[in-house]
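Student: What follows is a single structure, and I will ask about it in a moment.
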Amino acid sequence: MTGNQLDLFNKPSGRTAILTASGFVLDLTTPDATGLPVEDVARALAYQPRWCGATKQFYSVAEHSVMVSRLVPEQFAYDALWHDAVEFIQGDWPSPLKVYLGRDEINRKLAPIEEALARRFGFALHLPEVKKADLVAMATELRDLLPGAWMDWGHLPPASPETIEPVGPERAFALFLARHDEVKHLAQPEKKQAPARRRTTRKKTA
């Protein structure tokens with residue numbers, strides 16, 4: 001655990017808490033990402049494969065995130081970079097699996113964790129502009145990285161004209177951090193939980 005998390009009387013359980021690369025502990029039962037380093041998220045995303053690892057070369061969520069951040073209008077670039085942030089602990093669950101398991105229930109369970117990450121890093125969740133770019137990236141990945149298959153992808157928009165060239169996890173880690181430095185001025189200030197107000201009682205006067 002990092003120093004600012006130390007609580008000798010409330011040790012998170014290894015069954016419900018995630019340990020990140022720097023030693024940060026994210027308790028999923030009461031998610032608070034305050035102090036979570038950008039590097040921890042970037043590294044995990046750089047080692048998470050897209051498409052269940054079915055791509056011709058290793059292609060990470062971090063590379064995908066950088067691509068999406070370049071496909072949106074500039075004012076949404078930071079939000080787009082972080083749009084899959086929860087996958088740093090979840091991994092890239094394919095949409096068909098979410099449909100099979102129950103997408104609504106999965107989204108409900110993940111929502112507090114996503115919101116904690118959004119508060120920590122100052123990005124907006126579920127923007128239409130980001131979703132549109134996400135689908136363009138998906139179409140591009142299908143064209144450049146996936147084997148041909150007899151499947152209906154009619155819901156996808158045209159792919160990006162640029163060709164994807166996977167760079168591997170360590171380079172993807174560096175690219176994510178570099179893109180973060182480029183667009184972090186677009187982040188919203190980190191929202192901190194307001195301390196509880198103490199109630200005071202006034203003595204009645206006769």
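Throughout, read-outs are computed from the coordinates displayed, never taken from laboratory work. If you're wondering where the values come from, they're calculated on a predicted model, not measured in any experiment. Please note: Cβ atoms are built from the backbone with ideal geometry, for glycine as well, and neighbour counts cover all protein chains shown.
Student: Just from its helices, what would the mean residue ellipticity at 222 nm be for the chain, if runs of 4 or more DSSP H residues each count -39500 (n - 2.57) and the sum is divided by every residue, rounded to the nearest 500 deg cm²/dmol?
Tutor: Details: 8 runs with 88 residues, N = 206.
One gets -13000 deg cm²/dmol as the mean residue ellipticity at 222 nm.
Student: Considering every pair of different Cα atoms, what Kirkwood radius, in Å, is found for the chain? Please report the intermediate quantities before stating the final value.
Tutor: Working: mean 1/r = 0.0535 Å⁻¹.
This gives a value of 18.7 Å.
Student: Pairs of lysine in the chain with Cα under 28 Å and at least 8 positions apart or on different chains: total?
Tutor: Number of lysine pairs found: 20.
Student: Next up: List the residue ranges in the chain for DSSP H helices whose C-alpha atoms run 24 angstrom or more along the long axis and whose Kyte-Doolittle average is -1.0 or above.
Tutor: Values: long enough: 103-121 (25 Å, -0.85); 128-145 (25 Å, -0.08).
Once both thresholds are applied, what remains is 103-121, 128-145.
Student: Related question: Return a whole-number percent for the relative contact order of the chain, with Cα pairs under 8 Å and 6 or more residues apart as the contact set. Working shown, then result.
Tutor: Values: 248 pairs, mean separation 51.1, N = 206.
It rounds to 25 percent for the chain.
Student: Taking a quarter of the surface of the Cα convex hull of the range 25-107, what do you get in nm²?
Tutor: Values: hull surface 27.1 nm².
With the hull built on Cα positions only, its mean projection is 6.8 nm².
Student: What is the local net charge at Val183, summed over the other residues whose Cβ is closer than 12 Å to its Cβ (Lys, Arg +1; Asp, Glu -1)?
Tutor: Details: positive: Arg70, Arg179, Lys184; negative: Glu74, Asp79, Asp181, Glu182.
Residues close to Val183 contribute a combined charge of -1.
Student: Sorted by mean Cβ packing within 10 Å, highest first, what order do the peptides 112-124, 36-48 take? Present the calculation step by step, with values, prior to reporting the outcome.
Tutor: Working: 112-124: 19.0, 36-48: 20.9.
Packing proxy ranking, top to bottom: 36-48, 112-124.
Student: I've got another one for you. Can you put Asp84, Asp79, Asp92 in order of Cβ neighbours within 10 angstrom, beginning with the fewest? Intermediate results must be reported in sequence, preceding the final value.
Tutor: Working: Asp84 20, Asp79 25, Asp92 17.
Lowest to highest Cβ neighbour count: Asp92, Asp84, Asp79.
Student: Karplus couplings for the range 14-30 from phi (6.51 cos²θ - 1.76 cosθ + 1.60, θ = phi - 60°), rounded to Hz, Gly and Pro as x?
Tutor: The phi angles translate into x, 7, 10, 10, 9, 9, 9, 4, 8, x, 5, 10, 10, 7, 6, 6, 9 Hz.
Student: Inverting the mean 1/r over all pairs of different Cα atoms, compute the Kirkwood radius of the range 91-141 and quote it in Å. Before the final figure, lay out the partial values.
Tutor: On the way: mean 1/r = 0.0797 Å⁻¹.
Result for the range 91-141 stands at 12.6 Å.
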